[in-house]
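Heads up, the thing below is written out as structure tokens.
All of the numbers you see were taken from the coordinates with simple rules; none came from a lab. None of the values given here were measured: they were computed from a predicted structure. Note that we place each Cβ from the backbone using ideal geometry, even for glycine, and neighbour counts take in every protein chain shown.
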């Protein structure tokens, strides 16, 4: 079963946080959580920077206490640039169960070797969020 929850675009707060208001089936009250895309397991080479794009969930806006989600559909978009084909952008979603969800592993975040230049960023998107049961 899919239950629509509210996600607010007031959501993108300072520090790149995204505020989500979630209402689960049977609950009268809502729960506010915060999510942020972070680049984990990063490494650099002479020309580039690679990392995992991971959404971390928190109980509060100062990101101290992790929050466990179960079956939460997370909407995101990818924006980037490649000097041979130009700018690009696409949207997608994934289902999160845990304190984090990985959007992409080992992605090339930034690259420039004098001939090729590329970059790619991941951002949470506004829209309906769902909890799957």
Bin width 5 Å, alpha-carbon pairs only: give the P(r) of segment 59-133 as whole percents, running from 0 to the bin holding the largest distance. 3, 13, 18, 20, 17, 12, 8, 6, 3, 0
Compute the distance in nm between two label points, each set 7 Å from the Cα along the Cα-to-Cβ direction, one at residue 39 and one at residue 102. 1.7 nm
